[in-house]
1. Any idea which of (1) closer than 17 Å to B:ASN189 by Cα; (2) more than 11 Å from chain A (Cβ to nearest Cβ) is the one B:THR218 doesn't satisfy?
2. Restricting the search to region A:384-394, which residues are part of a strand (DSSP E or B) and either on the phi > 0 side of the Ramachandran plot or surrounded by 21 or more Cβ atoms within 10 Å (Cβ to Cβ) (or both)?
3. From the list A:LYS393, A:LYS291, A:LYS317, pick out the single residue that is of a type in the set (Lys, Arg) and within 14 Å of chain B (Cβ to nearest Cβ).
4. Could you grab me the full set of residues in region B:297-307 that are modelled with pLDDT under 85 and buried (at least 19 other Cβ atoms within 10 Å of the Cβ)?
5. Just the residues that are basic (Lys, Arg) and surrounded by 19 or more Cβ atoms within 10 Å (Cβ to Cβ), please, taken from region B:233-288.
6. Only one of A:PHE397, A:PHE454 is touching a helix residue (DSSP H, G or I) at 6+ places or on another chain (Cβ under 9 Å) and part of a loop (DSSP other than H, G, I, E, B). Can you tell me which?
7. Out of B:SER235, B:SER203, report the one residue that is within 30 Å of A:GLU337 (Cα to Cα) and either without any contact (Cβ under 8 Å) to a residue 24 or more places away in the chain or among the hydroxyl-bearing types (Ser, Thr, Tyr) (or both).
8. Has region B:190-213 got any residue that is within 30 Å of A:VAL297 (Cα to Cα) and not basic (Lys, Arg)?
Amino acid sequence: MKLLVIFFLVLFPGMNAIAQHTHAESDSVKTLNEVSVTAIARRKIETELKMAVSVDEFLASSERISFIKRGAYAWEPLLNNMSTERSTITIDGMHVFGACTDKMDPITSYVESNNLATIDVKSGQAGSLHGATVAGSIDLKRKSTPFAPNSEKQWNGAYQTGFEFNNSQFFNLGNLSYASDKFVADGSISRRKAGNYHNGMDEEVNHSQYQKFNASLGLAYKTSPLSSVRVDAIFDQADDVGFPALPMDLWRSRAIITSAAYKQLFDDGLVRAWDTKLYFNAVEHYMDDTKRPENLVHMDMPGWSTTFGLVSQANLKRGDYTADVQLNVYNNLSIAEMTMYPQDRSKKTMFAYSWPWVTTRFAGLSMNNAWDISAMSTVNFGGSLGWNYNHSKYVEFNWIFFPGSPQEKTRILPGLHASYQLNVDQFDFSVGTGYGHRAPSVSEAYGYYIYNSFDRYDYIGNPDLKNEVSYEVNASAGFRDKRMAIAVKANYFHIQHYIVGRILSLGSPMNYQSVGVKGYASLDHAKLFNLSLSANYDILTHLHWTGMLTYARATDDKGGNLPFIRPLSYQTSLHFMHHGFGIQTSLNGDFAQQNFSPEYGEDLTPAYRIWNVSVDYTFDFKNFKTVVQAGAENILNEYYSTYADWGNIPRMGRNVFTSLTVKF
Amino acid sequence: MKIIYFLVAVCLAALSCTKEKTDYEAAIDSGATEFTEFKEVVNVLDGDYNISIEALNGAFYNGYNEIRLKITNSHTGEIASVSAVTFLPINTNADGVSSSCPHRYDLLSIPDSNYYSGYSVFTSKSSADETWELYIGFTIANQPHALKYPITVQEQKNKNLNMTAFTGKDDEQYVIALIAPHRPKVAENELVAGIYRFNKPTSPPAGDFPDPAQFTYTEVGGYTLMLDPRMPEPSMGNHSSPNNRDLTQESDGLYHGVVNYTMTGNWTLNLMMLNQNGRILKGTEVPTDFTPGIEGAKSELYIDVLF
């Protein structure tokens, strides 16, 4: 703690550089209107079908993201069909690490849709701005209201409520903001409570309930016409969350995510903006397996993850050239324990660390550059250089399977990327390439008897794993006119030393339902290919169609399939809107997963098709803009599970939802 | 500045976790007490000489005990010049039958130290039915001395220093005693044990009681102790650990191997004792299957430990 205080006291006054990430900072910034990033075209946190969505549902609408689902809550986002170890997931550039060894708490589970403005997804090395990555980056951007342009004081607020019938989910989300020319405050509060959901055969899926409370507060003060300070905090607590696909549930998870930022803009010169943020976050996660009668033995598995760090970004511009330079520094301590009780609880317990107090320190400098060669073409290039240090306090746990492995390990993580974009009339094309390293995650390097209920193996980390090295190429082509647009994007990753679990011939399982022990090991290489095709067409002035098709294929060095790779999938929707009245319908589904991986516990997942419909009506009630919506997901009550549903747990059957939004 | 105070306050608040972390080091410490200090357990005056025996923590325990014997001149307090120091523990049961336990009869003079070194593997603790006495002999100036002294053998609370006594397939009586580690860790541990065979007397007792020839033990040589550590609790489903090494004899006469404990709790060291020719004298192979909910089967030769 002392260290932390010193960290804050020493670093806060001495902030010395670098800031905002965007290539779209307006050219002549005269006054500071917004503390946050003026990013990439903002997407509101809602899908076409549903206006009151969870963060997971929103992410699911991105063509690059798929999910591993262990229940109704806290889905693990896969970017480019790669698991969370391979992507960097940040909140406004801040690194937060889940405290659950079983990945029951991805970072996306610690925010709520009403405190986010948008989610910025970058594929591959183009996402290396926030740190070393292979798959790309997912940055959750919080809401931050701009300063009022004149001395008027502005209050804004929104309230959303709704009920979903399938799992009796009731939610209330409220947010309020105040802006003057000197001071801004953003606050949000939300609560969701859901019971068990029912599958397509109207059977109740036990242990799928959840409760979530989330609150956030942000305060910004303009210290001069071109500078401001901002403090932010998010508090999130989930209780009694069921994970039907796992042998245990969550009793409580809690996160506090805090930051203090200073932003300075410049009228002229090469550096146009710099934004420096100090942050601290603490996550705790307590599993509970006492509600499962099949567990004859009970095991407490608490986990803690504490991170503090610094992110500092500068935005540079001169003529046709823009650049973002970002410094990322953080320190994370991950601790996870297992305590098993004999049948006679008074007897001595059995204890081990599944994360033996593992410290990760990272410092990295990243740069993205864009140069407009001509009106038609742009070159993007950049790179990152990171220093990654790990220390395992109770390294004796790691020595059991890997005798003599070092207690400390330092890795250098370089990354490079370049792309070329060309716009010719209504066509645009891009080609790009990338190269990057990533360090093994805490579980992959230092995990100890982490039970994976999908393949039912206990996993052991290997501290001596090599860096994963990714070689990537990507390309896209698109056409756009007044009524339609079509785009195709593809990428290919050749990943050396791809980390997977390999059966160990030694040792025996520890967890009750486990069948053996796997150690993390490096494949010689793995290959991943992702293809997406998206299109939209305005059939009539008020009738719009969108469609999306994705395909992925991934194999290991022997030509075998990798797990959790999405089969050919599609999404198509029609949207009609007229005079405040809207109706939308969508159909989405996956084809059968032919290229499954039995080695990792997968089996053939059959095709499924989901049809959804919703209607909404927008009207003004006094000074309030009001929207009411009702709809149904999975109208045909299809009984299905997807390729990434842990343990083939059936998904939700027909779900009628209603919601009301009031804004002022 | 206010912002910093606010942030630090928030951090402090956040650090107060819902559930406390396990104090692993304290848990390991309390699990098994490791005694490292030799303290006097016997002090007896024999004429002009004072005989002192030291053992770890100043007590004798069921199982392996290293002992240090010191003889001083009771008048001057100086170390006496002695030779032929002998040590014999004798157990008498309720029926008045005498027996001994594995021990070093001729104590070793340790160079550069003022004591004689030996050990005794007490096979039972003292009780109303069983009493223990030490018979000590030594020679000073060609003058033999002999004395006996009643002692108390306490229960061994540290299960990591357990022992087992059995009759092998060769019809000989054996004792296996754990000597190290006193305080194992979740880690690779060097496992040290002694294997002792009772030498059946070849002639009837002669001379004054006790006739040492009736009570001799041999530290057996060239044997192998095959090791398979497992957690016997039903909930652990016969869990085992990797990278263990069978125990073989080293120059100190003791048997050294490696045991890995993957977690704290109850463990059973399943053993098979092989003689120089590889013949199994005691012990059976145990199933290696993972069988959750079923108590792990133990070898016919095993020692339970707990840490």
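The values are calculated or read from the model by the stated rules, or taken from the named source; none is laboratory data. Since the structure is predicted, the reported quantities are computational estimates derived from the model, not experimental observations. Cβ atoms come from the backbone with ideal geometry, glycine included; neighbour counts cover every protein chain shown.
1. (1)
2. A:SER384, A:GLY386, A:ASN388, A:ASN390, A:SER392
3. Values: A:LYS291 fails: within 14 Å of chain B (Cβ to nearest Cβ); A:LYS317 fails: within 14 Å of chain B (Cβ to nearest Cβ).
Only one candidate passes the filter, namely A:LYS393.
4. The one that is modelled with pLDDT under 85 and buried (at least 19 other Cβ atoms within 10 Å of the Cβ): B:PHE307.
5. Answer for region B:233-288, where residues must be basic (Lys, Arg) and surrounded by 19 or more Cβ atoms within 10 Å (Cβ to Cβ): just B:LYS282.
6. Working: A:PHE397 fails: part of a loop (DSSP other than H, G, I, E, B).
Of A:PHE397, A:PHE454, the one residue that is touching a helix residue (DSSP H, G or I) at 6+ places or on another chain (Cβ under 9 Å) and part of a loop (DSSP other than H, G, I, E, B) is A:PHE454.
7. Going through B:SER235, B:SER203 in turn, just one is within 30 Å of A:GLU337 (Cα to Cα) and either without any contact (Cβ under 8 Å) to a residue 24 or more places away in the chain or among the hydroxyl-bearing types (Ser, Thr, Tyr) (or both): B:SER235.
8. yes
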